[in-house]
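This report refers to the structure that appears directly beneath it.
The values are calculated or read from the model by the stated rules, or taken from the named source; none is laboratory data. Not measured: the values here are computed from a predicted model. Cβ placement follows ideal geometry from the backbone for every residue including glycine, while neighbour counts extend to all protein chains displayed. Only protein heavy atoms, including side chains, enter the accessible area calculation; ligands, DNA and RNA are left aside. Shrake-Rupley method; radii C 1.70, N 1.55, O 1.52, S 1.80 Å.
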Amino acid sequence: MGIKEFYDGCDIFITGGTGFMGKVLIEKLLRSCPGIRNIYVLMRQSKDKCITERVKDILALPLFDKIRTEHPGVAESKIIPVSGDLSEIRLGMSDDDYNMLVRNVSVVFHVAATVRFDEPIRDAIIKNVRGTREVVGLAAQMKNLRVFLHVSTTYCNCNRIYVDEKVYESPISWQDAILIAENLNPKLSETLTTKLLGLFPNTYTFTKLLAEQIVNERSARSTLDDSNNMPMVIFRPSIVISTISEPLLGWIDNFNGPVGLMLACGKGLTLVTLAHKDSTPDFMAVDVSIKAMIVAAYHRGTHNSSSDNPLTVYNCSSVKKSITNSKLMQFAVKYFMLHPFDEILWRPRILITGSKRLFHYLTIIQQVLPAMLIDFVLKTTGQPQPILVKLQRKIYIATMALSTFTLQTWTFKNTNFLDLLTHIPDDEKDDFDFRFDDLNVEDAFITCLTGAQKYLFNTNPNKIKQAKKKLKKLVWIDRLLITLFFVVIAYCFYSIILSLSF
């Protein structure tokens, strides 16, 4: 059975369909698996828009341009929003919607999660752990379920330097974690967070590991009882970046991960960052991840005999295609010197240090103090409300939160992940082959930055000449200030030596 045939006639349920990976997943399924019947998307009502309007907003994104052109009306007719909330019991659904999903759905992609590193422990457990319990509970009742795929992260085991494609034990049980979260006094949250996390750097990685325990335990029950069989997959992407090929180059809708740091460098907002120069964070393009995810669900759904493993884990990692932090930021400076933003605060340049103390001091000197000066000038001249100091505070907090991942390197075994390539039928490789052996990493990040300028900043290509002129002026001012700085330092040393000689 081929991949498209497997999905033919399927009703699919997706959580996290409004997020970065979720949107790319929906687009790819609609475009490459035209036989899909319906895609049900769990969606919360926003303050000012109903779920139907939210779907329209998503489909208006450039991400869906290709399917809008090639298959007009298909997305609108097949995407069915389901009102609900991951943080609620029974996902906050009405009985009618819940029962409808139980009757119709045969494939589940559980993509939803809070990815905030600083999410309060209670909220992170409720959304990432209890939410997973509720989705698994729903899927277990589905009459025609063929596969359940849970999206985790390779970094959920960041307390280990080597991570295999298996589920590791968690420091506490997921049941206890939910019990604590449901009965936790908010005033004790911060104190309890430190005790619960232990070696984990944040609530995101900790709760994603706990969520894997739920999937693992449910799959173990399938092993003991064939009548209660539930084919399951844990799919762990590493750090997800922009699209590198389809449906369009460089599409992204957020500032997370390395692209956000590179953009801050290009804007002149970040001149120093905390990282080990030779560390190699693991990156994976979102379109590569989504292809592999679709293939993983297909492979598990078509290998569901008693002799098959009830749970397969895939580390969606690039391993040999990752690059060092130093080279990554060199790419950024090189790119933005050639393709500057319309509006920049300073010339693109970056200093990488692995010392937290030095990073703190340099941030104050090179970023915070200039931001305070500019904000003061803006305020006294009646310009728009100053925001640079607040922005620098956010950048500092984000950099410290990411430092766990920028100061060391992990090894993610990806044998199962790469083995998926052998299960793609020859006549479907054009649609689903996610091979990245020939990927040029520098070209990939250039694509990311070009896309980020286009889709996040709406950079006007017609202003490139003016942007380069402004950049040239800032480069000369920067050189002048650096020269003056060293002249002052030299003069101070000279004065000290002169005074000591008398």
Checklist entry - From the square roots a ≥ b ≥ c of the eigenvalues of the alpha-carbon gyration tensor of region 55-148, which class results: rounded (a/c under 1.5), prolate (a/b over b/c), or oblate? => result oblate
Next on the checklist: Restricting to Cα atoms and excluding each atom paired with itself, what does the Kirkwood estimate give for the chain in Å?
Outcome noted: 24.7
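Let's test the formula: R0 of 22 Å, r as the Cβ-Cβ distance of residue 173 and residue 90. What FRET efficiency results, to the nearest 0.05? Mind dumping the intermediate values first?
Numbers: r = 22 Å, r/R0 = 1.00.
The value I calculate is 0.50.
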Checklist outcome for this item: Two pseudo-spin positions, 7 Å from Cα along C-beta at residue 221 and at residue 426, lie apart in nanometres by 4.4
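What shape does region 340-437 take by its C-alpha gyration tensor, where a ≥ b ≥ c are the square roots of the eigenvalues and a/c under 1.5 counts as rounded, a/b above b/c as prolate, and the rest as oblate? Mind dumping the intermediate values first?
Numbers: a/c = 4.07, a/b = 2.17, b/c = 1.87.
Since a/c reaches 1.5 and a/b is larger than b/c, the shape of region 340-437 is classed as prolate.
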Next on the checklist: Assuming 0.36 nm per residue, please report the length gained on full extension of the stretch residue 440 to residue 45 beyond their Cα-Cα distance.
Outcome noted: 138.1 nm
Next on the checklist: Which trypsin sites (Lys or Arg not before Pro) in region 464-502 sit in a loop by DSSP (not H, G, I, E or B) and have at most 15 other Cβ atoms within 10 Å of their own Cβ?
Outcome noted: none
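At a 1.4 Å probe radius, which order do 291, 127, 390 fall into by accessible area, largest first? Each step should come with its number before you reach the end.
On the way: 291 20, 127 70, 390 125 Å².
Sorted by accessible area, descending: 390, 127, 291.
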Checklist entry - Over the chain, what relative contact order in percent results from Cα pairs under 8 Å that are six or more residues apart? => result 16
Checklist entry - Each residue of region 198-215 in turn: what ³J(HN,Hα) in whole Hz from Karplus with 6.51, -1.76, 1.60 and θ = phi - 60°, glycine and Pro shown as x? => result x, 7, 7, x, 7, 6, 5, 5, 4, 6, 5, 5, 4, 4, 4, 4, 5, 5
Checklist entry - In degrees from 0 to 90, rounded to the nearest 10, what is the angle of the helix 20-32 Cα long axis to the longest principal axis of the chain? => result 50
Item to check | Inter-probe distance in nm under a simple model that places probes 7 Å from Cα toward Cβ, at residue 473 and residue 485 | outcome: 2.2
Next on the checklist: Report the Rg/Rh value for region 233-387, based on alpha-carbon coordinates and the Kirkwood definition of Rh.
Outcome noted: 1.12
Checklist entry - Are any of the pairs 4/166; 291/413; 47/127 more than 21 Å apart by Cα-Cα distance, and if so, which? => result 4/166
Checklist outcome for this item: Given backbone amide H placed at 1.01 Å from N, residues whose amide H is under 5 Å from that of residue 316, ignoring those fewer than 5 places away on the same chain, are 236, 238
Checklist entry - Whole-Hz Karplus ³J(HN,Hα) for region 77-94, in order, using 6.51 cos²θ - 1.76 cosθ + 1.60 and θ = phi - 60°, x for Gly and Pro? => result 7, 9, 7, 10, x, 10, 5, x, 8, 4, 8, 9, 5, 6, 6, x, 8, 6
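With every protein chain present, what is the per residue accessible area of the chain (1.4 Å probe, Å²)?
For the chain, the per-residue accessible area is 48 Å².
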Checklist outcome for this item: Given a Förster distance of 22 Å, the FRET efficiency implied by the Cβ-Cβ spacing of residue 463 and residue 337, rounded to the nearest 0.05, works out to 0.85
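Compute the relative contact order of region 101-172 as a whole-number percentage, counting only Cα pairs closer than 8 Å that sit 6 or more residues apart in sequence.
Details: 56 pairs, mean separation 33.1, N = 72.
Here the relative contact order equals 46 percent.
Quote the FRET efficiency, to the nearest 0.05, computed for residue 358 versus residue 66 with a Förster distance R0 of 56 Å and r equal to the Cβ-Cβ distance. Walk me through the numbers on the way to the answer.
Details: r = 47 Å, r/R0 = 0.84.
The computed FRET efficiency comes out at 0.75.
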Item to check | Partner aspartates and glutamates for residue 49 [C-alpha distance under 14 Å; skip if fewer than 8 residues away on the same chain] | outcome: 57
Item to check | Extended-chain gain in nm, criterion 0.36 nm per residue less alpha-carbon gap, residue 52 and residue 194 | outcome: 47.1 nm
Checklist entry - Where the centroid of each part is defined by its Cα atoms, how far is region 67-120 from region 242-300 in Å? => result 24
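Suppose every K and R has +1 on its Cβ and every D and E has -1 on its Cβ; what is the size of the dipole of the chain about the Cα centre, in Debye to the nearest 20?
Numbers: 58 positive and 50 negative charges, 473 e Å.
Taking the Cα centre of the chain as origin, the dipole is about 2280 debye.
Hey, if we sort 277, 208 by accessible area with the 1.4 Å probe, largest down, what's the order? Please report the intermediate quantities before stating the final value.
Details: 277 105, 208 5 Å².
Ranking 277, 208 by accessible area, largest first, yields 277, 208.
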Item to check | Residues with amide H under 5 Å from that of residue 82, placed H, sequence gap 5 or more | outcome: 41, 42, 43
Next on the checklist: Students sometimes get this wrong: rank 246, 212 by accessible area, probe 1.4 Å, all chains present, largest first.
Outcome noted: 246, 212
Item to check | Positive dipole terminus of the chain, leading residue within 189, 170, 418 (C-beta point charges) | outcome: 189
Checklist entry - What angle, in degrees between 0 and 90 and rounded to the nearest 10, separates the Cα long axis of helix 464-500 from the longest principal axis of the Cα atoms of the chain? => result 50
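Pop out the carbon and sulfur fraction of the accessible area of the chain as a percent, whole number, probe 1.4 Å. Could you put the intermediate results ahead of the total?
Values: 13590 of 24100 Å².
Its accessible area is 56 percent carbon and sulfur atoms.
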Checklist outcome for this item: Gyration tensor on Cα atoms of region 194-273, a ≥ b ≥ c root eigenvalues, a/c under 1.5 rounded, else prolate if a/b beats b/c, else oblate, says oblate
Checklist entry - For the charge dipole of the chain, defined by +1 on Lys and Arg C-beta atoms and -1 on Asp and Glu C-beta atoms about the Cα centroid, which residue among 248, 444, 99 has the Cα displaced farthest towards the positive pole? => result 444
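When the helix-only estimate is applied to the chain (DSSP H runs of n ≥ 4, each -39,500 (n - 2.57), divided by the residue count), what is the mean residue ellipticity at 222 nm, nearest 500 deg cm²/dmol? Write out the running numbers ahead of the final one.
Numbers: 21 runs with 245 residues, N = 502.
Only helices count here, giving -15000 deg cm²/dmol.
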Checklist outcome for this item: For residue 497 the rounded accessible area (nearest 10 Å², probe 1.4 Å, non-protein molecules ignored) is 110
